[in-house]
Ligand SMILES: [Zn+2]
């Protein structure tokens, strides 16, 4: 439940678009998860619950010490997008409720509430979650841990986001305990240089030695004579990843530098990047 610390919620009641309860002392204060479930149950009818996505973005900006947060930051941090985190919370709630003892009063209350037509009864919604349902299905086919399954959901979420963002597509996270990018182990200067590359903000408006504008797909002029660059370019591992990238709608400019970051070879990445920068500075 560490995720709770990143979220704050505020309840504001509306009827016909008019805010009714403006006195903070009169506001209800259910738990964040209860509010989230209520929000799913009654989206935008008479009660609107504002889950502060801005708090999530503020946390991301703090982690990366930047003024703007991008989607790629969600994945580099290992947190995942805001909606993914909410779904994880809901899945955790559903898992807890479904593992209650049959003698627990909430289990008995669930069947009673389920019979009610009142839209204010949300208890049975607390037993539901798409992630929880998919976990049960996966577990029936082959035993998996809860943590492994949630990591798979994270990867699925990443693959889905890759369809609309090349930056996210170029980043291929590995399933490990932290999910966060290994770039967090770099020194501060190396970290920010790597982050700039990941967010496509390296070498803006610079020109190649051939006078073409430098971009992700145009680094070969400078690095073609570098053995390390050619070794990556001809490796079967890189070719496999490149084939995958070409299958994405807009990730055609995947290059050896991206690949080096994905496999965690930061030293070679930095070496090639500084060679590139030095050549451009001298031209
Ligand atoms: Zn060139």
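The values are calculated or read from the model by the stated rules, or taken from the named source; none is laboratory data. These numbers were taken from a predicted model, which means no experiment stands behind them. Counting neighbours? That spans all protein chains shown, and the Cβs are built from the backbone with ideal geometry, glycine included.
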Residue in the range 151-172 that is within 30 Å of residue 100 (Cα to Cα), outside the structural domain of residue 259 (by TED's automatic domain parsing) and over 23 Å from the mean Cα position of the chain (by Cα) present: no
Residue within the range 97-116 that is crowded, with 16+ Cβ neighbours inside 10 Å, under 30 Å from the mean Cα position of the chain (by Cα), at pLDDT 90 or above and assigned to a helix (DSSP H, G or I) present: no
The range 217-236: number of residues that are assigned to a loop (DSSP other than H, G, I, E, B) and either more than 16 Å from the ligand (Cβ to nearest atom) or touching a helix residue (DSSP H, G or I) at 6+ places or on another chain (Cβ under 8 Å) (or both): 5
Residues that are in contact with a helix residue (DSSP H, G or I) (Cβ under 8 Å, 6 or more places away or on another chain) and within 12 Å of the ligand (Cβ to nearest atom), drawn from the range 199-211: 206, 207, 208, 209, 210
Test: residue 250 is closer than 14 Å to residue 166 by Cα and either away from the ligand (no atom under 16 Å from the Cβ) or not in a loop (DSSP other than H, G, I, E, B) (or both): yes
First in the range 202-216 and closer than 19 Å to residue 270 by Cβ, second anywhere and modelled with pLDDT of 85 or more and within 7 Å of the ligand (Cβ to nearest atom), Cβ under 6 Å, 6 or more apart: 214/208
From the options 196, 239, residue that is more than 13 Å from the ligand (Cβ to nearest atom), at pLDDT 90 or above and either assigned by TED's automatic domain parsing to the domain that holds residue 65 or out of contact with any helix residue (DSSP H, G or I) (no Cβ under 9 Å at 6 or more places or on another chain) (or both): 196
